[in-house]
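The values are calculated or read from the model by the stated rules, or taken from the named source; none is laboratory data. Values in this document were obtained by computation on a predicted structure and should not be read as measured data. Cβ sites come from the backbone with ideal geometry, for glycine too, and all protein chains shown count toward neighbours. Side chains included, ligands, DNA and RNA excluded: accessible areas come from the protein's heavy atoms. Shrake-Rupley method; radii C 1.70, N 1.55, O 1.52, S 1.80 Å.
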Amino acid sequence: MLLKLFVLGVFALLSMSVKSEQLERLSLFTYHNKPPYIESLADKKGLYFDIVNLLNEFQPKLQYELVLMSKEQIRQQLERNTLAGAVLGVNPLWFDDVDQQKFVWSDPLFYDTDEFVSSIKKPFDYQSQASLHGKKYGGVEGYYYPKLAEAERREKLTRVDAKSEKELLELILQQKLDFAVVSRPTFFYFAKKNGWWTSLSLSHQSHQKYYRAILIPKDNKYQFGPLQKTTGSLPFKKYMKELVSSYHIPE
């Protein structure tokens, strides 16, 4: 009897192992190591982890995994055509692919906004390019800000780089910058967590409104074909809308 139970137990473990091995594992890379997109890498907590989990629910024969990689590494591997996966949470404009000819793109996952954030003691309100002149602003190292590029090129605007948007908000609180560009969900996350509501100000006009999607290298388009089909389906979009809403991200 004991031998029979042992054999059955081994068989069950082998079956689970075979089932696990049959799952095709695919990487979804991101460089957005900031809340609420990624709240904790160790605990796999945040909006991007929830999106990956949702994709896995819709595609039980595939196992997507979120992988953090620097933006520079992602760019280099895309240029060398060596990226073994796709990129989550990006926009064609950021990768010089407005016409969507260089890469394959999923349907938009959700819409987002980058805000001009300043100190309530010295609020900045963007009205035109002229309102940028003589100002010092903060951006994340390696990020491109289209509305500010021309003023920078003409040396009418000075840029200060930081490692993260949290660091940018801290520089604003110390009044070391006239303004910073911070994603709206990240601003709300830290404002709520740290009680910064009464210390920070948002411009009436935002820096940029855009959507976030998934970039797929053309060599990987067949491997990620099921992902494209899923993100384009109405049931997935319905659940994505509910998920994004739970993070208080407006449409």
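Taken together, PRO217, PRO235, PRO146, PRO185 contain a single residue that is open to solvent by 60 Å² or more (accessible area, probe 1.4 Å), touching a residue at least 40 places away in the same chain (Cβ under 8 Å) and not β-branched (Val, Ile, Thr), which is PRO235. Take ILE38 and decide whether it is assigned to a helix (DSSP H, G or I), modelled with pLDDT of 95 or more and open to solvent by less than 80 Å² (accessible area, probe 1.4 Å). No: the conditions fail for ILE38. Please work out if GLN223 is open to solvent by 50 Å² or more (accessible area, probe 1.4 Å), part of a loop (DSSP other than H, G, I, E, B) and farther than 21 Å from GLN63 by Cα. Answer is no for this residue.
Would you check if GLU57 is among the charged types (D, E, K, R) and either more than 24 Å from PRO235 (Cβ to Cβ) or part of a helix (DSSP H, G or I) (or both)? It is true that GLU57 is among the charged types (D, E, K, R) and either more than 24 Å from PRO235 (Cβ to Cβ) or part of a helix (DSSP H, G or I) (or both).
Filtering segment 81-96 to residues that are free of Cβ contacts under 8 Å to residues at least 24 places away in the same chain and out of contact with any Lys or Arg (no Cβ under 9 Å at 6 or more places or on another chain) leaves only THR82.
Could you tell me whether TYR247 is touching a Pro at 6+ places or on another chain (Cβ under 6 Å) and either farther than 30 Å from SER128 by Cα or open to solvent by 70 Å² or more (accessible area, probe 1.4 Å) (or both)? In short, yes.
Can we say LYS44 is surrounded by fewer than 16 Cβ atoms within 10 Å (Cβ to Cβ), modelled with pLDDT of 95 or more and in contact with a Leu (Cβ under 8 Å, 6 or more places away or on another chain)?
Yes: the conditions hold for LYS44.
When the residues of segment 49-84 are filtered to those that are in contact with a helix residue (DSSP H, G or I) (Cβ under 9 Å, 6 or more places away or on another chain) and of a type in the set (Asp, Glu), the one that is least open to solvent (accessible area, probe 1.4 Å) is ASP50. Restricting attention to segment 106-125, the residues being open to solvent by 20 Å² or more (accessible area, probe 1.4 Å) and either among the aromatic types (Phe, Trp, Tyr) or free of Cβ contacts under 8 Å to residues at least 40 places away in the same chain (or both) number 1.
Condition test on GLY232, is it in contact with a Ser or Thr (Cβ under 8 Å, 6 or more places away or on another chain) and not hydroxyl-bearing (Ser, Thr, Tyr)? Judged against the criteria, GLY232 is a match.
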